[in-house]
1. Mind listing just one residue for me: the one in the stretch 95-119 that is out of contact with any helix residue (DSSP H, G or I) (no Cβ under 7 Å at 6 or more places or on another chain) and under 28 Å from residue 222 (Cβ atoms) and, of those, surrounded by the most Cβ atoms within 10 Å (Cβ to Cβ)?
2. Could you pull out the residue among 228, 192, 156, 162 that is over 22 Å from residue 105 (Cβ atoms) and touching a residue at least 60 places away in the same chain (Cβ under 8 Å)?
3. Among the numbered criteria (1) out of contact with any strand residue (DSSP E or B) (no Cβ under 8 Å at 6 or more places or on another chain); (2) in a loop (DSSP other than H, G, I, E, B); (3) surrounded by 24 or more Cβ atoms within 10 Å (Cβ to Cβ), which one does residue 189 miss?
4. For residue 92, all conditions in the list (1) part of a helix (DSSP H, G or I); (2) touching a helix residue (DSSP H, G or I) at 6+ places or on another chain (Cβ under 9 Å); (3) under 25 Å from residue 227 (Cβ atoms) hold save one; what is the number of the exception?
5. Please enumerate the residues belonging to the stretch 30-50 that are touching a strand residue (DSSP E or B) at 6+ places or on another chain (Cβ under 6 Å) and part of a helix (DSSP H, G or I).
6. Give the stretch 57-78 a look and list any residue that's within 19 Å of residue 21 (Cβ to Cβ) and in contact with a strand residue (DSSP E or B) (Cβ under 8 Å, 6 or more places away or on another chain), or say none.
7. Please go through (1) at pLDDT 95 or above; (2) farther than 23 Å from residue 213 by Cα; (3) in a helix (DSSP H, G or I) for residue 4 and return the number of the only condition it doesn't satisfy.
8. Among (1) part of a loop (DSSP other than H, G, I, E, B); (2) modelled with pLDDT of 95 or more, there is one condition residue 245 misses while meeting the rest; what is its number?
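The values are calculated or read from the model by the stated rules, or taken from the named source; none is laboratory data. Remember, it's a predicted structure, so these values are computed and weren't measured experimentally. Ideal geometry is used to build each Cβ from the backbone, glycine not excepted, and the neighbour counts take in all protein chains shown.
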């Protein structure tokens, strides 16, 4: 798709959550480079302002910064108010987080916040903006899931479950909205060089085949809009995710658990 046709279908504005770093930042830079103005949403206002300034200067687009915790009860209405009458043609639901380690090592409140941000806020964002996309008769919705969504994943079980929710939600909306001209894609990256994995103890040197860049993941997701329902950016991850269909689910989960324990700097050990 040419830059002009991309801008015509998904412009003039794109909204990206979790835009202060990682895949969200990369998505913002990519779509701004294609001439779309951007609404940047995250909690870290200073990081967003820095990005917005850079995009205005480099790409000549408008950039609106919305400092917002998407886990708040009033987040959807606050975001709609902040956006105002801007014509949003592309929504990228990227905000989310995960934890690694034995399930019982984290307080329940951590899991509650994870489910709320990774699942509830994604549905709320879609519910707020999908009617507007349908009314336009064109546009796109990207939901960032993960290859962890394809099987139960020990030592990050809740995170994997939330991403499975995101994947199935996106698959359903893909079929439901395509007749209205709205393209929906689930972006399912594997190991990606962002703050999240490092924060949860992943040692990049232990990751088989290395880690994808956030830029390559964002580029693959945007390329999939209007072409497919699910995007797994790297070939090695596509092979692995396909292989999970060929083995018993229990076996796939066991392999995923071994992979997690292998990449964490200090392998998690269940409590005795």
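1. Restricting to residues being out of contact with any helix residue (DSSP H, G or I) (no Cβ under 7 Å at 6 or more places or on another chain) and under 28 Å from residue 222 (Cβ atoms), the top hit is 117.
2. 192
3. Of the numbered conditions (1) out of contact with any strand residue (DSSP E or B) (no Cβ under 8 Å at 6 or more places or on another chain); (2) in a loop (DSSP other than H, G, I, E, B); (3) surrounded by 24 or more Cβ atoms within 10 Å (Cβ to Cβ), the odd one out for residue 189 is (1).
4. So the condition that residue 92 fails would be (1).
5. 31, 32, 45, 48, 49
6. 63, 64, 65, 66, 67, 68, 70 - these are the residues of the stretch 57-78 that are within 19 Å of residue 21 (Cβ to Cβ) and in contact with a strand residue (DSSP E or B) (Cβ under 8 Å, 6 or more places away or on another chain).
7. (1)
8. (2)
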